[in-house]
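Heads up, the thing below is written out as C-alpha cells.
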Amino acid sequence: MGALSAVLFDIDDTLFSTTEFASRARDNAVRAMVDAGLGLPMDVVRRELDEVIAEFSSNYDHHFDKLLERLRPPSLMRINPALIVAAGVAGYHDTKFRELHPFADVVPLLGDLRQAGLRTGIVTHGWTVKQAEKLVRLGLLPHLDLDAVFISDQIGIAKPNPKLYQVALTDLALPAAKVMYVGDNPSHDIAPPASLGMRTAWSRRAARTASLPEGIRADHTVDNFDELAAILRDTYGVPIRAR
C-alpha cells in the first residue's frame, strides 16, 4: 500500500469509551439528585433517565427537567425542582472533570504520528461545542493539527454522508488514498470514507457491534492502538517505534 500523509480519527468510542463514561456520569448524576432530596430509589431514577435519553437523544439539553416531569416525585412539593436538576447537572459535569481520559495508547500514537511527519486530525459527528469540549478535556489538542478538526454540526453535514469526509480531504488538500480514517462505527466510520477511496481502520474495542455488517469492509481491524501502530509501521512504512 502507498504512503500515508494523514490519519484522521473519530472521537466517541474510538479515542475514549463514550459508553462507559456516559454510564458512570449518569450514575453520578442520579446519585446527586437522590442525595439532594429527590426521594426515589436510584435504580428507579436511572431506568427512567435511560428512557428519557433514548426518547429525546443524548444531545437533548433538558434530560433532568424531563425526568422530573415524568417521575413526579412527592418530594417536589417541598423542594424547588431547580435544585434537584442542578444537583444532577453538577454530578454529571463533575464526572467529566475527574474521569474523562483517552485510552492509554492514544496520546503515544498521536505523538509518534506527528513526529513521523503525518497530519493528525478528527472527523466527528455531534454538536460543535460538545465535541470540541471532549477534545479539550481529553487533553488532545497538543497532539492534533488544529486545522484538521471537522465537526458535523459545524460543517452542516452529518455522518454517514461521505460528503463530510470529502470536506476534510478538500480542506487538507490531500488525496483520499493518502488518508486513513480510524473509527468504531462500521456504517458511519468505515463505509463512507471507504467509498471515497480512503484507507480505513475499524477500532472495535469499544464498538457496539462484534463484527462488520455484510457489505462493509475495513482495510484493517484493530483492538487497540498498539496494533494500529504496528500496521502503520509495517504496512505503510510510517517510522513508528515498536511497542
Notebook entry, point to check: ARG208 versus LYS130, label points 7 Å from Cα toward the beta carbon: distance in nm?
Noted result: 1.3 nm
Check: How many nm separate the modelled label positions at ARG137 and ALA90, each set 7 Å beyond the Cα in the direction of the Cβ?
Finding: 1.7 nm
Notebook entry, point to check: How big is the shadow of the Cα convex hull of the stretch 72-152, averaged over all directions, in nm²?
Noted result: 7.3 nm²
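Compute the relative contact order of the stretch 1-154 as a whole-number percentage, counting only Cα pairs closer than 8 Å that sit 6 or more residues apart in sequence.
Working: 171 pairs, mean separation 49.2, N = 154.
For the stretch 1-154, the relative contact order is 32 percent.
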Check: Just VAL30, VAL44, VAL52 to compare: in a GNM of the chain, with alpha carbon springs under 10 Å, which one fluctuates most?
Finding: VAL44
Item checked: Helix-derived mean residue ellipticity, 222 nm - over the chain, DSSP H n ≥ 4, -39500 (n - 2.57), to 500 -> -14000 deg cm²/dmol
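Give me the dipole magnitude in Debye, nearest 20, for the stretch 19-99 about the Cα centre, with unit charges on the beta carbon: positive for Lys and Arg, negative for Asp and Glu. Walk me through the numbers before you get to the answer.
Numbers: 11 positive and 13 negative charges, 41 e Å.
Around 200 debye, computed over the stretch 19-99.
Return the ratio Rg/(2.2 N^0.38 Å) for the chain, where Rg is computed over Cα atoms only.
Details: Rg = 20.3 Å, N = 243, 2.2 N^0.38 = 17.7 Å.
Taking the Cα Rg and dividing by 2.2 N^0.38 Å, one obtains 1.14.
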Notebook entry, point to check: In whole Hz, what ³J(HN,Hα) sequence does the stretch 69-77 give by Karplus (6.51, -1.76, 1.60; θ = phi - 60°), x for Gly and Pro?
Noted result: 4, 7, 6, 6, x, x, 4, 6, 6
Next item on the list: Once you've got the GNM for the chain with C-alpha springs shorter than 10 Å, pick whichever of ASN161, ASN28, ASN59 has the biggest mean-square fluctuation.
Entry: ASN59
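Taking the beta-carbon count within 10 Å as an exposure proxy, list PHE103, PHE97, PHE225 from fewest neighbours to most. Walk me through the intermediate numbers first.
Numbers: PHE103 17, PHE97 8, PHE225 27.
Fewest-to-most Cβ neighbours within 10 Å comes out as PHE97, PHE103, PHE225.
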Check: With +1 on each Lys and Arg Cβ and -1 on each Asp and Glu Cβ, how big is the dipole of the chain about its Cα centre, in debye rounded to the nearest 20?
Finding: 160 debye
Item checked: q = 0.14, 0.18 Å⁻¹: log10 I(q)/I(0) that the Debye formula gives for the stretch 191-243, counting C-alpha atoms only -> -0.41, -0.65
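Based on the Kirkwood radius over alpha-carbon pairs, what value in µm²/s does the Stokes-Einstein equation return for the translational diffusion coefficient of the stretch 19-99 at 25 °C and 0.890 mPa s? Before the final figure, lay out each step's value.
Details: Rh = 12.5 Å.
Using the Kirkwood radius from Cα pairs, D works out to 197 µm²/s.
Using the count of nearby Cβ atoms within 10 Å as a rough guide to exposure, how do LYS134, LYS96 rank from fewest to most? List each step's numbers first, then the result.
Details: LYS134 22, LYS96 14.
Starting with the residue having the fewest Cβ neighbours, the order is LYS96, LYS134.
Taking 0.36 nm per residue of sequence separation and subtracting the Cα-Cα distance, how much length would be gained by fully extending the chain between ASP234 and ALA22, in nm to one decimal? Don't skip to the end; give the middle numbers.
Values: separation 212, 0.36 × 212 = 76.32 nm, distance 3.56 nm.
Gain on stretching ASP234 to ALA22: 72.8 nm.
How do 199-205, 178-184 rank on mean C-beta neighbours within 10 Å, highest first? Provide the component values of the computation, followed by the final result.
Details: 199-205: 22.6, 178-184: 25.1.
Packing order, densest peptide first, comes out as 178-184, 199-205.
Over the stretch 19-99, calculate the relative contact order: mean separation of alpha carbon pairs under 8 Å at least 6 apart, over the residue count, as a percent. Walk me through the intermediate numbers first.
Working: 70 pairs, mean separation 40.2, N = 81.
Here the relative contact order equals 50 percent.
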Notebook entry, point to check: What residue among MET77, MET33, MET42 shows peak mean-square fluctuation when the chain is described by a Gaussian network model with Cα springs under 10 Å?
Noted result: MET77
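No value in this document is a laboratory result; all are computed from the given coordinates. What you see is a predicted model, and the numbers here were worked out from it, not measured in a lab. Counting neighbours? That spans all protein chains shown, and the Cβs are built from the backbone with ideal geometry, glycine included.
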